[in-house]
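One structure is given here, and the rest of the page talks about it.
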Amino acid sequence: MAIEAGTAARARIDRLERVWLEHPGVLGWLTTTDHKRIGILYFFTSLFFFAAGGVEALLIRSQLLVPNETLVSPGAFNQLFTMHGLTMIFLFVIPISTGAFGNYLLPLMIGARDMAFPRMNAFSFWAFLCSGIFIYTGLFMGNAPDAGWFNYVPLAGKQFSPGVNIDFYGLGLIFNSVSTTVAAINFIVTIFKLRAPGMSINRMPLFCFAFLAVSFALLFAMPPLNTALVFLELDRLAGFDFFNIGSGGAPLLWQHLFWLFGHPEVYIIILPAFGIATAIIPTFTRRRMVAFPLVALAEILVAFIGFGVWVHHMFAVGLATITMVYFAAASLIIVIPSAIQLFAWITTMVTGTPRFKTPLLWIVGFITFFIVGGLSGISFAVIPFDQQLTDTYFVVAHFHFVIFGAAVFPILGGMYYWFPKVTGRMYHEGVGQLSFWLTFFGTALTFFPMHILGLLGMPRREYTYPDGLGWQVYNVIETAGSYVLAAGLLLVAANLGVSLFRGRFAGNDPWGGDTLEWSTTSPPPPYNYPVIPVVTSPYPMWDLADREEDARRLERGELTLEGGHETLGSSVLDAEPDEVLEMPAESPWPILLALMLAGAFALVLTTHYGSALVFLGLAAVVLGAWHWKEPETA
Amino acid sequence: MRVDPTGLAGKILSWYGLLGAPFAWTIFHVGGVGIATGACSPFGLRSGGDLQPASLALGFGTLAVAVGGLGAALVVYVSTRGVDEEGAPPLGRIHFLSVVGLTIAPLFIAIILMAGLGGTALGCEQG
Amino acid sequence: MSTALTPRRGTLPNGIWAVALVIATEGAFLGCLIASYLFLATRVPEWPPPSVPEPRVLAPVLLSVLLVLTAPLVYAASSFARRGRAHAAWLLVFVAFLLQAEYLGAQIYFFHDDLSQFSPTGSAYASAYFTLLGAHHAHVLAGLLLDVWLLLRLLGGLTPYRATAVRVAAWYWVFVAGMGVLVTLTVISPAL
């Protein structure tokens, strides 16, 4: 129910509009600190990289269509599958889920006016963009990383990869991790401290629990990756010996550090999808989520236990069995929180009144693929099974079912679900449903036969394969499937692209949604809410009395915070109102800081270390300028 | 056994019930993997310790902490029975977190038991 | 300011939450460095290798004690800042800065001396040793820059924002001092 404005309320709204207005045009976008604009910037940048990763995938599938194909060279194929993995994980799925969906929706869902640190938010986007350009510069120079997305030594070491390919990987990912770490800190402080009054931890939307889990996971997953990358670059650029066996180093150290990051990373990929699913299901089933506390805890638990399973990526390496058993045990138990969520989602749909509109269709597709991918995943927790099928197409099938089927489907569903909120227009429902079915069947055709190929022994990352092994028919099906999948995705883009200009006007709440973002206009104003809402349940939009009281408080001027660029700070556990926070407005410092860091990384890549230090010094100066102007206080 | 959930004892039990089992598992996992890695390395535990006793002691100790966490969560749950999990804080929040603790503690106990029992039967042979 | 709301006693400003989370992630990075050092130690028969002298013990321990003693100084500065006593806060930060700079200077001297005896490119031990120490020294340098910033800003008087900044520095120095103790214990462990 939207807030209707009387005369006094109208005056307050006008004041808010004036205070929160940003510069028009390109300058406004370059200096924005509005979480919604930053979310949109993340969205389109991620989609651009998704397209690049998709083209790489189609080239891979085309190369594998027939035996002994030579569409691309072996060296180019190595770059293709490496860049495909890097792009999809670091430059698409994480930025779109956390950066786009998280940034745009989190402050709206908790009733805040912005993130806790708006300029840091802007900086995280510009650093992401610069790191993506940095990595792709390697591709355009013909020197893309080519040792696979997990980049094992000694192949990635100086002896076997003497060119700059791997340095684009190492330095690019360190740069990228600055963006994600900073974003994670921002999300955590926002969720802890900016929730609307009454939104105690047991009344927080499940979407927010998912993002809280993702953010803590990012905070602790990035350090092992950065450690590994620092060691790798020291070995490559300065001759250190972390991974050099002849000098007492250990290639296994890379694997431990990488997977200590890499496994939590896959939960980081899937958790936002869980959050999107838990936002869509109640709306389209018209009932509250079954076992709400269990779903909330499952989201956190999956991220937590995820830090204790990494060696299941190394079961074929020759570790002691007593070491491996710790990880096998944890890998078996980690299925349970996912199963809890599946039970809750399915029961909610079955006991509710489902409306199978496009967003819910994508969630049904997600659940289907998550079950398939989850079953192949739990099989890998059994050590002997893993040792038979490691590095085969069975693994490729598993992770594409969970990453594409289970992480990307909710993202696509979320695009449809929140399209009316972000744009103010509705998409075409018929085309939406067609785009789902095309993508669903394309996904199944592309990735299901890979299970069979793996069981038949086809290794992953194979450039080509000989005739007569019985592999061709499955590869043909997969390649055909990949083109169907691409068509489905293009149809999604076309539907949303055309609807942006020609869709019918949506209104504030076309779905009867349960979370706070549906109470404000579509698209939301820069200040999100004219009055800070007060909530008494995790489904605030279904508490009509509370929303009517919001309207009355707007008239009275309570918690309107229209004196400046303000939002409300509250206590961590129980969201009791604490203080009024003065938020910074537009700023050039975030983009400048990102550019200084980009310069520093580029100069390290080209071994101009002195100049790199100069850029780091400039970055410190920019940081000083950033903090020079202080917020006004009472 | 019931406690005042908002009193000092209630608060301690509430946090122990939520965090005890995860904390225990973390120590078990890090310590166990560390002991196993050190003992099974080419050059053995430099401290001169033995694999099995160290692993067993770690397993029993952390299991006790995890079971204690389960017990604490149960006490708080019973003390807040009847409170709505989505209810007003602090009681609603405390009850919600006790449900969380009751659910997660058995899972961590299961991991400690499985890995601990597996560890008694296995050694440094390569997998 | 449109609504009079006062922070309740004991609530942490957002900036403190942010620095706590930075400490968490940097602490994880430190944990990975130390774990890597220990992992590499299990892979070779001798640690350090025969070509490398055993690490010195007394100097690192004394320097760690020095660094630990500066943390309460910055903490006290934070306490004075929150009570509005700008001069006391400035003085304490200045004394801490001098001691911390002295600490870093001494550490750089020993680092340089180590480099003259063995190279980080000669063994995994040396690579781990110099990287662990170098990472710690980089954090100390960042802390010194933070001190300089505070000293500059406090010359212009106290505001709640600057008081929070001093508190951020206090938290940071507690972390760096703790990091120093752990790094010292790790690098001297072969000699114990």
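Below is a table of values for the structure above.
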item: Leading residue by the ranking (nearest to the other protein chains (Cβ to nearest Cβ)) among those in region A:110-157 that are surrounded by fewer than 22 Cβ atoms within 10 Å (Cβ to Cβ) and at positive phi; result: A:Gly148
item: Matching residues in region A:316-332 - criterion: being more than 7 Å from chain B (Cβ to nearest Cβ) and of a type in the set (Phe, Trp, Tyr); result: A:Phe327
item: Members of region A:333-358 found to be more than 14 Å from chain B (Cβ to nearest Cβ) and either crowded, with 20+ Cβ neighbours inside 10 Å or part of a helix (DSSP H, G or I) (or both), listed by number; result: A:Leu342, A:Trp345, A:Ile346, A:Thr347, A:Thr348, A:Met349, A:Val350, A:Thr351, A:Thr358
item: Residue list for region C:85-130, restricted to those being assigned to a helix (DSSP H, G or I) and within 14 Å of chain A (Cβ to nearest Cβ); result: C:Leu115, C:Ala124, C:Tyr125, C:Ala126, C:Ser127, C:Ala128, C:Tyr129, C:Phe130
item: Selection within region C:44-64 - crowded, with 18+ Cβ neighbours inside 10 Å and not in a helix (DSSP H, G or I); result: C:Val44, C:Trp47, C:Pro48, C:Val52, C:Pro55
item: Among residues of region A:370-387, those that are under 24 Å from A:Leu297 (Cβ atoms) and buried (at least 21 other Cβ atoms within 10 Å of the Cβ), counted; result: 3
item: Residue list for region A:466-503, filter: among the aliphatic types (A, V, I, L, M) and not in a helix (DSSP H, G or I); result: A:Leu469
item: Whichever residue in region B:91-101 is under 12 Å from B:Arg81 (Cβ atoms) and aliphatic (A, V, I, L, M) and, among such residues, is nearest to the other protein chains (Cβ to nearest Cβ); result: B:Val99
item: Verdict on C:Gly134 being outside any helix (DSSP H, G or I), within 11 Å of chain A (Cβ to nearest Cβ) and either within 16 Å of C:Ala86 (Cβ to Cβ) or free of Cβ contacts under 8 Å to residues at least 60 places away in the same chain (or both); result: no
item: Yes/no for C:Leu67 being modelled with pLDDT of 95 or more, away from chain B (no Cβ under 14 Å) and surrounded by fewer than 19 Cβ atoms within 10 Å (Cβ to Cβ); result: no
item: Residue pairs meeting the criteria (Cβ under 7 Å; at least 6 apart or on separate chains; first closer than 18 Å to A:Leu91 by Cβ and of a type in the set (Gly, Ala, Ser), in region A:394-422; second at pLDDT 95 or above and assigned to a helix (DSSP H, G or I)); result: A:Ala407/A:Val93; A:Ala407/A:Ile269; A:Ala407/A:Ile270; A:Ala407/A:Ala273
item: Boolean, A:Val531 is of a type in the set (A, V, I, L, M), within 23 Å of A:Phe207 (Cα to Cα) and either over 26 Å from the mean Cα position of the chain (by Cα) or in a helix (DSSP H, G or I) (or both); result: yes
item: Some residue of region A:199-212 being within 14 Å of chain B (Cβ to nearest Cβ) and hydroxyl-bearing (Ser, Thr, Tyr); result: yes
item: Residue within region A:430-437 that is within 14 Å of chain B (Cβ to nearest Cβ), crowded, with 18+ Cβ neighbours inside 10 Å, touching a residue at least 12 places away in the same chain (Cβ under 8 Å) and over 30 Å from A:Ser73 (Cβ atoms) present; result: no
item: Any hit, region A:9-20, residues being of a type in the set (Gly, Ala, Ser), in contact with a Pro (Cβ under 9 Å, 6 or more places away or on another chain) and modelled with pLDDT of 95 or more; result: no
item: Set B:Leu107, B:Leu56: member being more than 14 Å from chain C (Cβ to nearest Cβ), under 30 Å from A:Thr321 (Cα atoms) and surrounded by 17 or more Cβ atoms within 10 Å (Cβ to Cβ); result: B:Leu107
item: Search result, residues across region A:510-559 that are charged (D, E, K, R) and either farther than 15 Å from A:Tyr417 by Cα or surrounded by fewer than 19 Cβ atoms within 10 Å (Cβ to Cβ) (or both); result: A:Asp543, A:Asp546, A:Arg547, A:Glu548, A:Glu549, A:Asp550, A:Arg552, A:Arg553, A:Glu555, A:Arg556, A:Glu558
item: First in region A:575-589 and outside any loop (DSSP other than H, G, I, E, B), second anywhere and at pLDDT 90 or above and among the acidic types (Asp, Glu), Cβ under 9 Å, 6 or more apart; result: A:Val580/A:Glu566; A:Leu581/A:Glu566; A:Glu582/A:Glu566
item: Search result, residues across region A:239-251 that are in a helix (DSSP H, G or I) and modelled with pLDDT of 95 or more; result: A:Pro251
item: Test: residue in region A:379-388 that is in contact with a Gly (Cβ under 7 Å, 6 or more places away or on another chain), touching a residue at least 24 places away in the same chain (Cβ under 8 Å) and polar (S, T, N, Q); result: no
item: Residues (of a type in the set (A, V, I, L, M, F, W, C) and touching a Leu at 6+ places or on another chain (Cβ under 7 Å)) located in region B:97-108; result: B:Leu97, B:Val100, B:Leu102, B:Ile104, B:Ala105
item: Unmet criterion (only one of (1) in a helix (DSSP H, G or I); (2) within 26 Å of A:Gln79 (Cβ to Cβ)) for A:Tyr463; result: (1)
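The values are calculated or read from the model by the stated rules, or taken from the named source; none is laboratory data. Just so we're clear, the structure is a prediction, and the values are computed from it rather than from any experiment. Using ideal geometry, Cβ is built from the backbone for each residue, glycine included, and neighbour counts are taken over all protein chains shown.
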